[in-house]
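Q: Please see the structure below; I have some questions.
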């Protein structure tokens with residue numbers, strides 16, 4: 001579960017930056033937070049969305065907040081995704097704050113002292129904070145005091161450079177080189193930022209501790225044009241995706257598109273409620289809500305040829321039939337608080353997963369009954385990749401002339417659904433419970449014959 005621009009509580013241009021963003025994200029089980037660092041006054045680095053009117057907060061205070069809240073909800077490791085725009089001196093200040101404030105929480109060397117051939121498990125990293133940032137050389141390289149590194153795609157965008165340069169001009173490439181302090185570089189162990197240079201280059205030269213970031217548009221394009229290659233790449237390396245820079249309103253993209261290609265760190269704007277965060281909360285509701293999920297075996301196998309665009313071609317392909325009898329609702333809340341207002345509820349079931357699994361169906365609406373509406377209608381679906389599918393129950397107030405009003409929803413992984421009669425307790429738009437509102441359904445799952 002991963003956050004983008006975690007410090008923001010509102011939009012990307014003038015929104016409020018606050019430590020509360022980190023607190024709320026970590027309380028929701030987030031395991032990767034973002035820190036955009038810039039030179040501040042009096043030698044103290046600050047965190048804000050660069051070249052905008054967003055408020056600045058001290059880097060030191062962000063790290064203190066991480067120390068206090070990182071493991072309140074989950075003991076599994078937290079990754080700090082650092083977007084570094086600081087001068088050498090303030091980079092050293094950041095490194096000192098990380099070491100002094102986090103102490104033994106901060107991972108500063110490989111667990112066994114050896115160059116890893118594979119990453120340690122989350123179980124081995126319990127209670128540790130990992131820095132994801134630029135590093136000069138590999139883990140085995142002895143570093144000079146002042147190092148050069150190439151800016152990442154995200155850092156270039158923040159500095160006003162083109163997101164994807166089309167020509168490899170030597171002078172332009174040299175101009176992109178920035179300086180990195182040894183103290184900060186030394187803190188990067190298992191999450192070294194590198195620029196993605198193609199699947200072939202990654203197969204030939206990449207190491208397990210390197211990670212590349214992809215904008216949502218680039219990740220979607222790779223998924224569509226080379227889905228199997230992208231899945232294979234993600235079976236051997238970490239990848240992070242982030243929202244388009246055009247989303248100045250802090251809106252989100254559909255994270256399911258990224259999970260379906262095996263991307264591990266799918267960063268969302270946690271401050272923006274809606275469908276995308278419903279999917280994120282629902283997806284990570286499994287595994288004890290610890291913020292981490294083991295990918296299906298066919299997405300962890302480097303020899304797998306699974307493609308989200310062609311799921312029927314994978315070995316072991318076995319679609320399932322899902323039937324949901326929507327029986328009734330209980331004490332659905334009013335969406336219009338005017339006296340005498342009564343909801344006309346309908347239920348929609350939405351499936352999210354690989355492209356062929358993106359379907360929805362809904363019941364008819366019940367007039368003037370939010371207290372105990374009865375539908376007794378059955379909705380049927382074919383799930384082609386059950387391991388990646390999410391099921392979202394949505395209740396709306398039907399309106400013949402305008403857009404339906406949202407009443408409540410609940411999202412969970414298909415693999416967590418139990419057959420039989422079930423009560424589904426609804427959540428509000430911001431993900432909080434709205435007791436005692438619920439749906440009563442009967443679920444049936446069967447193999448296709």
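Laboratory data are not the source of any read-out in this text; all were calculated from the coordinates shown. On a predicted model such as this, the values are computed, not experimentally measured, just so you know. Counting neighbours? That spans all protein chains shown, and the Cβs are built from the backbone with ideal geometry, glycine included.
Q: What percent antiparallel are the DSSP beta bridges of the chain, to the nearest 5? Write down the numbers at each step before the final one.
A: Numbers: 56 of 81 bridges.
Of those bridges, close to 70 percent are antiparallel.
Q: Right, next: Could you work out how far the C-alpha centroid of the stretch 64-111 sits from that of the stretch 1-25, in angstrom?
A: 18 Å
Q: Can you give the FRET efficiency to the nearest 0.05 for residue 398 and residue 444, using r as the Cβ-Cβ distance and R₀ = 25 Å? Let's see the in-between values first.
A: Working: r = 26 Å, r/R0 = 1.05.
Computed FRET efficiency for residue 398 and residue 444: 0.40.
Q: Additional query: Quote to one decimal, in nm, the extra length available between residue 406 and residue 225 on full extension: 0.36 nm per residue of separation minus the C-alpha distance between them. The partial results should precede the final answer.
A: Details: separation 181, 0.36 × 181 = 65.16 nm, distance 3.55 nm.
Length gained, residue 406 through residue 225: 61.6 nm.
Q: Distance between Cα centroids, the stretch 233-255 to the stretch 383-421: provide it in whole Å.
A: The stretch 233-255 and the stretch 383-421 have Cα centres spaced 23 Å from each other.
Q: Under the definition of Cα pairs under 8 Å and six or more residues apart, what whole-number percent is the relative contact order of the stretch 318-447?
A: Numbers: 333 pairs, mean separation 42.5, N = 130.
The normalised contact order for the stretch 318-447 reaches 33 percent.
Q: For the chain, what relative contact order do you get, as a whole percent, if you take Cα pairs closer than 8 Å and at least 6 residues apart? Don't skip to the end; give the middle numbers.
A: Working: 988 pairs, mean separation 55.7, N = 449.
That works out to 12 percent.
Q: In whole percent, what relative contact order does the stretch 176-308 give with Cα contacts below 8 Å and a gap of six or more residues? The partial results should precede the final answer.
A: On the way: 168 pairs, mean separation 31.7, N = 133.
Here the relative contact order equals 24 percent.
Q: What would the Debye equation give as log₁₀ I(q)/I(0) for the stretch 306-357 at q = 0.24 Å⁻¹, counting only Cα atoms as equal point scatterers?
A: -1.03
Q: Okay, moving on. Please sort 116-128, 63-75 by packing, taking for each peptide the average over its residues of neighbouring beta carbons within 10 angstrom, highest first. Write out the running numbers ahead of the final one.
A: Details: 116-128: 13.8, 63-75: 18.3.
Ranked from most to least packed, the peptides come out as 63-75, 116-128.
Q: So how much slack lies between residue 111 and residue 320, counting 0.36 nm per residue of separation and subtracting their Cα-Cα distance, in nm?
A: Working: separation 209, 0.36 × 209 = 75.24 nm, distance 4.22 nm.
Extra length from residue 111 to residue 320 when fully extended: 71.0 nm.
Q: Still on this structure, please answer the following. Hey, what angle do you get for helix 88-102 against the long axis of the chain, alpha-carbon based, 0 to 90 degrees rounded to 10?
A: It is inclined by approximately 60 degrees.
Q: Could you list, bin by bin from short to long, the percent of Cα-Cα pairs of the stretch 318-447 in 5 Å steps?
A: With 5 Å bins starting at 0, P(r) equals 2, 11, 21, 23, 19, 13, 7, 3, 1, 0, 0.
Q: Translational D (Stokes-Einstein, µm²/s) of the stretch 247-389 at 20 °C and 1.002 mPa s when Rh comes from the Kirkwood sum over C-alpha pairs?
A: Numbers: Rh = 17.8 Å.
My calculation gives 120 µm²/s for D.
Q: Divide by every residue of the chain the summed helix terms, -39500 (n - 2.57) for each DSSP H run of at least 4, and state the resulting mean residue ellipticity at 222 nm, rounded to the nearest 500 deg cm²/dmol. Don't skip to the end; give the middle numbers.
A: Details: 12 runs with 93 residues, N = 449.
Rounded to the nearest 500, it is -5500 deg cm²/dmol.
Q: Between rounded, prolate and oblate, where does the stretch 2-300 land on the alpha carbon gyration tensor, with a ≥ b ≥ c its root eigenvalues, rounded for a/c under 1.5, else prolate if a/b exceeds b/c?
A: Working: a/c = 1.14, a/b = 1.04, b/c = 1.09.
The shape class here is rounded.
Q: Please give the helix 216-225 orientation as an angle from the longest Cα principal axis of the chain, in degrees from 0 to 90, rounded to the nearest 10.
A: For helix 216-225, the angle is close to 80 degrees.
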